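Below you'll find the structure, written out as structure tokens, and then a few comments.
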Amino acid sequence: MIKTHVLGFPRIGAQRELKFALERHWRGEIDTDTLEATAARLRAAHWRLQQQAGLDFVAVGDFALYDHVASLIQLFGCEPARFGFDGSEPPLQRYFAMARGAPTHAHAEGCGCGATDPQALEMTKWFDTNYHYLVPEFDEATAFSLHAERLLAEVGEAIALPASPKVVLLGPVSFLHLGKSKVAGFDRLGLLERLLPVYEQLLLRLAARGVTCVQLDEPVLGLDLDERWQQALRSAYARLATAEPQQQLLLATYFSPLQQNLALACELPVGGLHVDAVRAPEELLDVARRLPRERVLSVGIIDGRNVWRADLDAALARLREVLELRGGRLWVAPSCSLLHVPLRLRDDAAVDGELRLWLAGAEEKLDELRVLKRALWGDEASVAAELAASRAARAARAASPRVRRVAVAERLRALPAEADRRASPFAVRQQAQRERLQLPAFPTTTIGSFPQTAEIRAARAAFKRGELDEAAYREAMQREIALAVHRQEELGLDMLVHGEAERNDMVEYFGEQLDGFAFTANGWVQSYGSRCVKPPLLYGDVARPRAMTVEWSRYAQGLTPRPMKGMLTGPITILQWSFVRDDQARADTALQIALAIRDEVADLEQAGIAAIQIDEPAIREGLPLRRAQWDAYLGWATCAFRIAASPVRDDTQIHTHMCYAEFNDILPAIAAMDADVITIETSRSDMELLRGFGSFRYPNEIGPGVYDIHSPRVPGRGEMLRLLRKAAEVIPADRLWINPDCGLKTRQWPEVTAALKEMVEAARELRAAA
Ligand code: GLN
Ligand code: ZN
């Protein structure tokens with residue numbers, strides 16, 4: 001018997017209903033019941049879609065009002081003690097307090113109570129996706145208890161539909177692994193013995209409620225696990241297997257090959273195993289052979305991480321091979337939860353008719369499952385039309401002149417070997433740049449953006465609606481640029497920026513001007529909580545029809561004698577924050593983007609711009625989940641950066657910027673990027689991040705961020721001086737720059753000017769003391 005299912009489904013709604021309901025609720029405009037009603041409507045709608053596609057189960061438990069890991073923290077009663085909950089608060093209030101931070105009481109203006117409100121749980125990336133989960137906190141005192149009311153209510157909703165629920169939960173070992181130990185040295189794995197009884201109780205409660213299948217996600221099986229974590233998986237599942245014999249447990253892995261955990265995954269005594277056959281196609285047959293015959297094998301054959309229509313013929317061929325090996329116990333699914341793709345793409349208003357046919361969002365992927373199941377049941381004739389349409393769409397995509405541009409391939413082939421190298425070593429460049437730029441010691445600069453004010457956003461919206469013509473829009477942006485330049489001159493900054501007024505988003509801005517990219521009207525993907533992003537679709541060979549930033553930079557430089565930094569987004573960040581094509585290697589796509597940025601760099605230099613910043617905030621998040629693959633990735637990623645950065649003369653200064661990152665494990669790669677100056681986020685780590693650069697003897701210039709731009713608080717110069725002195729302990733003073741942590745677009749002008757004033761003063765004091 002062949003079954004189909006999904007590991008999880010998008011929550012936010014076709015019109016982002018969940019986002020808007022949440023935000024209204026947080027503003028106090030709608031009450032809890034209204035919010036819950038919206039959520040219930042969305043769940044029901046999504047289950048109906050799953051039923052219409054003929055899935056054998058609907059996924060329950062994948063829905064969350066903010067985040068599925070945060071929901072689990074409540075389900076297992078391990079809300080951190082630091083929130084001071086006494087249990088009398090409504091669960092939803094506690095939930096949002098963990099997610100968003102909580103005032104301990106309604107502070108009156110200047111109430112002076114001295115209480116610091118508990119900070120929200122830390123947020124971090126869900127494996128290699130752009131989804132962020134809330135990090136559970138564990139310590140010796142962590143206790144677990146079951147609070148299954150919400151989950152059981154959702155199960156009840158599904159049964160009432162009526163639909164057959166499969167409950168989706170993060171498994172116990174991944175839950176512990178994804179959390180963090182609050183006290184250094186505390187071993188959170190030791191909590192497993194306390195946690196397992198709660199899982200057991202939950203399985204019993206679910207069985208009593210009529211749930212016949214529970215999916216336990218253990219994505220840590222795709223990571224490099226040491227013996228202890230492997231052993232934890234063994235003992236956890238041995239125990240759960242004895243808890244509830246009637247219930248089918250499906251162990252799910254995704255995002256990464258199993259490799260050394262493959263035998264373990266096949267051994268664990270569960271009812272079935274789901275594997276990601278998109279990320280690890282090479283392991284599928286091995287798993288099919290090893291997994292005991294009586295178990296279900298769920299094959300994740302539809303790409304849950306990307307937006308392209310599947311090759312159904314190839315999928316069918318693969319699935320038939322598996323059937324041959326295993327007989328009937330085959331389940332078919334997307335590779336991972338569909339949380340990571342937009343809900344629906346094929347009717348998106350902003351995508352042209354040709355391209356739309358190539359795409360598959362969550363709904364379209366459900367339809368692909370429907371077709372696969374029919375065909376596997378031997379009813380291929382009934383889906384012949386769908387299979388033919390799918391085949392035709394794939395063929396059209398492969399043959400489209402919009403996808404392959406001969407000139408791009410030719411240029412890459414002809415690229416000289418030294419294209420990724422600057423003409424001279426850093427020491428020579430540094431000298432040439434010093435002569436040209438004539439900057440003081442400890443030069444001050446900012447990271448690029450200045451506040452995106454309401455006026456800027458209104459002007460852009462009017463321009464997009466066609467109410468403002470191009471000339472008027474350009475003038476409005478030039479006024480903003482002039483304002484930013486004059487403010488920087490008044491503040492006495494040494495290297496200026498134009499402020500990025502004209503940019504909506506650092507990737508979209510470039511994607512819109514490059515060939516090979518398309519944009520959706522409604523292709524939203526949840527990033528965290530109510531926040532969604534709309535990644536560009538990178539569908540074809542990338543080319544730059546014309547200069548993208550030169551006019552703005554030239555205009556800005558014309559307003560001031562001080563050096564103006566050109567401002568670009570790097571190839572890896574553009575790659576990382578887009579849905580990219582699946583018909584060529586990511587490395588090749590990155591190289592194509594790099595060539596387009598390279599041309600922009602050359603044009604900026606030609607226009608007289610003496611310093612050019614190429615932002616790469618996403619370089620670290622592109623790291624593969626497996627260490628063994630890091631070097632290969634870092635090799636092509638840094639090469640792409642250098643190709644973008646290297647067409648310039650010695651006396652043109654290349655900057656790069658990174659933030660939100662831990663750098664220490666990739667310092668050689670950062671050095672290999674060979675930017676003349678790197679600016680990084682360091683203030684929140686109290687310059688600790690910089691130590692690594694120091695002991696590594698990072699060779700080029702560095703601007704460690706001296707204040708945190710994430711808060712409206714204006715730091716004093718004393719704080720900045722303290723940080724700078726700390727920085728000077730590890731980085732030679734003649735290589736230090738002074739700048740904030742990141743761009744200032746989310747801040748207000750009064751805070752920005754006040755903070756930068758202090759920063760410039762700090763630089764002056766430092767120079768005077770030197
Ligand atoms: N230049 C960008 C800005 O200042 C950099 C943003 C980022 O690092 N994410 O906004
Ligand atoms: Zn940044």
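Taken together, the values in this text are just the output of simple stated rules run on the coordinates, not laboratory data. Because the structure is a prediction, the values reported are computed rather than measured. Cβ placement follows ideal geometry from the backbone for every residue including glycine, while neighbour counts extend to all protein chains displayed.
Couple of notes before you dig in:
- Charge context of His657, other residues only, Cβ under 14 angstrom, K/R +1, D/E -1: -4
- DSSP-loop GluC sites (Glu not before Pro) across the range 3-79, with at most 15 other Cβ within 10 angstrom: Glu29
- Average Cα contact separation per residue, the range 1-155, under 8 Å, 6 or more apart, as relative contact order %: 23
- Relative compactness, the range 136-215, computed as alpha-carbon Rg over 2.2 N^0.38 Å: 1.27
- Proximal lysines to Lys373, defined as alpha-carbon separation beneath 26 angstrom and excluding residues fewer than eight positions away on the same chain: Lys3, Lys166, Lys365
- 14 Å beta-carbon shell around Glu321, net charge (K/R +1, D/E -1): -1
- Between helix 454-464 and the chain there is an angle of about 70 degrees, using the helix long axis and the longest principal axis of the Cα atoms.
- Cα-projected label distance for Arg684 with Arg626, points at 7 Å along beta-carbon direction, nm: 3.1
- Amide H contacts of Gly566 (H built 1.01 Å from N, under 5 Å, at least 5 apart or other chain): Ala611, Ile612, Gln613
- Taking amide hydrogens as placed 1.01 Å from N in the peptide plane, the amide H of Asp741 sits under 5 Å from those of Val706, Tyr707, Ile709, each at least 5 positions away in sequence or on another chain.
- Cα-based shape type of the range 163-281, given that a ≥ b ≥ c are square roots of the gyration tensor eigenvalues and the cut on a/c is 1.5: oblate
- Projecting label points 7 angstrom from Cα along Cα→Cβ for Val533 and Ala462 puts them 3.1 nm apart.
- Other residues whose C-beta falls under 11 angstrom from the C-beta of Ser527 contribute a net charge of +3, scoring Lys and Arg +1 and Asp and Glu -1.
- Taking all Cα pairs closer than 8 Å and separated by 6 or more residues, the relative contact order of the chain comes to 11 percent.
- Over the residues of the chain, the helix contribution to mean residue ellipticity at 222 nm works out to -13000 deg cm²/dmol, using -39500 (n - 2.57) for each DSSP H run of at least 4.
- Summarising the amide proton neighbourhood of Gly703: residues at separation of 5 or more, or on other chains, whose placed amide H is nearer than 5 Å comprise Ile678, Thr679, Ile680, Trp737.
- Qualifying GluC sites (Glu not before Pro) for the range 661-763 [loop in DSSP, other Cβ within 10 Å: at most 11]: Glu662
- Full-stretch length increase - Ala471, Gln231 - with 0.36 nm per residue and alpha-carbon distance subtracted: 79.8 nm
- Prolate/oblate/rounded label for the chain (Cα gyration tensor, a/c 1.5): prolate
- Overall form of the range 15-72 per C-alpha gyration tensor (a/c, 1.5; a/b vs b/c): prolate
- Sorting 607-614, 281-288 by their mean Cβ neighbour count within 10 Å, with the most densely packed peptide first, gives 607-614, 281-288.
- The mean of 1/r over all distinct Cα pairs in the range 686-762, once inverted, gives the Kirkwood hydrodynamic radius of 12.9 Å.
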